[in-house]
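The values are calculated or read from the model by the stated rules, or taken from the named source; none is laboratory data. Everything quoted here is computed from the prediction, not taken from an experiment. Cβ sites come from the backbone with ideal geometry, for glycine too, and all protein chains shown count toward neighbours.
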Amino acid sequence: MLNGKNILVIGARAGGYGASIAKAAVQAGANVFGTSLTPTDPREQAFFEELGTNLIDVPLRFDWAHRSSVFHELAQIEAWFRDRGITRLDAVIHTVAGGFPRQPSVMKAVGDILKGTQTFADMATSVRRNVYYVNATSFEDTVKGLAGLTDADTRFLALTYRGELPYFIAHTKKCLEDVGTRLAHGGKRSLIVALPEAWTQSSQFFAGIEMAVLNNYLQDLQGRQAVSKDISPAFSQMENALNELRGCPNWWTILRPFAETSGHASVTSPMWPSLPALLRRSTPG
């Protein structure tokens with residue numbers, strides 16, 4: 001089905017769905033190429049070789065503060081293909097996510113947001129801008145930057161995952177969908193695939209998010225009687241669903257002491273054990 005097709009996967013990193021897509025495309029007979037932040041890393045090279053994917057030796061890093069460099073790197077990638085006699089791509093698959101600087105101050109803000117004391121819009125402008133860029137606008141820049149290798153029949157695909165609770169990345173994913181719509185209106189054959197609850201290396205960066213969500217529920221929502229009319233139906237539906245969930249009362253019994261004693265603990269604090277660890281202690285009814 002894909003015999004002889006040239007497919008570029010941006011973000012085919014170990015542990016992500018980009019790698020799984022690349023592997024499947026290779027098995028279907030496509031010529032698959034992938035980008036990396038560190039293409040000279042022997043571990044990256046070994047990983048791509050195991051996948052059967054051609055590793056492009058041009059590092060590609062999406063960074064709003066260095067956006068001009070992104071277009072320079074994309075131009076280098078185009079030159080890389082042309083040097084190998086490849087003048088057209090049949091598909092470009094964008095699987096990039098993230099954008100958070102791995103800094104203590106940023107992660108503390110993330111913890112506060114997840115506990116409901118702030119909103120995503122309150123984050124420092126520079127951080128918020130980069131998160132939107134990496135998760136959404138970078139897809140549009142990729143399409144523009146690779147214009148010399150694509151045509152009206154090239155497919156552009158962006159894969160993402162969504163969270164609908166205080167998982168603020170959901171805002172950027174909606175922005176990505178808007179980017180896809182804009183590209184389609186411009187004549188590009190684009191498709192955005194939002195995978196709910198995708199289990200990837202990127203999503204695991206937020207390991208512990210479930211504790212913040214449950215803590216917020218236990219402290220502020222469980223058993224609440226006064227609820228505004230506009231959210232009352234949804235709130236009742238949530239409460240009923242939780243009550244019907246097998247073993248759920250046992251989870252609350254185990255979780256409540258942590259919520260009451262850890263007060264201001266962050267989602268990364270050792271006072272907050274992982275949900276799997278807590279579930280192993282429970283005995284579902």
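A compact table of results
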| quantity | calculated |
| --- | --- |
| Where a residue in the range 18-46 is buried (at least 20 other Cβ atoms within 10 Å of the Cβ) and its partner, wherever it lies, is of a type in the set (Asp, Glu), with Cβ under 6 Å and at least six apart | Ser36/Glu44 |
| Subset of the range 67-89 (residues that are in a loop (DSSP other than H, G, I, E, B) and closer than 23 Å to Ser20 by Cβ) | Leu89 |
| Matching residues in the range 26-66 - criterion: being under 20 Å from Thr142 (Cα atoms) and not in a loop (DSSP other than H, G, I, E, B) | Asn31, Val32, Phe33, Gly34, Asn54, Leu55, Trp64, Ala65, His66 |
| Matching option when the condition is surrounded by 13 or more Cβ atoms within 10 Å (Cβ to Cβ), modelled with pLDDT of 75 or more and part of a helix (DSSP H, G or I), among Phe235, Phe258, Phe205 | Phe235 |
| Test: residue in the range 35-52 that is charged (D, E, K, R), within 19 Å of Phe156 (Cα to Cα) and modelled with pLDDT of 90 or more | no |
| Any hit, the range 14-25, residues being in contact with an Asp or Glu (Cβ under 7 Å, 6 or more places away or on another chain) and among the hydrophobic types (A, V, I, L, M, F, W, C) | no |
| Flag if Arg102 is charged (D, E, K, R), in contact with a Leu (Cβ under 9 Å, 6 or more places away or on another chain), closer than 27 Å to Asn130 by Cα and at pLDDT below 90 | no |
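Every residue, every condition in (1) surrounded by 14 or more Cβ atoms within 10 Å (Cβ to Cβ); (2) assigned to a strand (DSSP E or B); (3) of a type in the set (Ser, Thr, Tyr); (4) at pLDDT 90 or above, yes or no:
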site	(1), (2), (3), (4)
Val143	yes, no, no, yes
Phe156	yes, yes, no, yes
Leu159	yes, yes, no, no
Val179	yes, no, no, yes
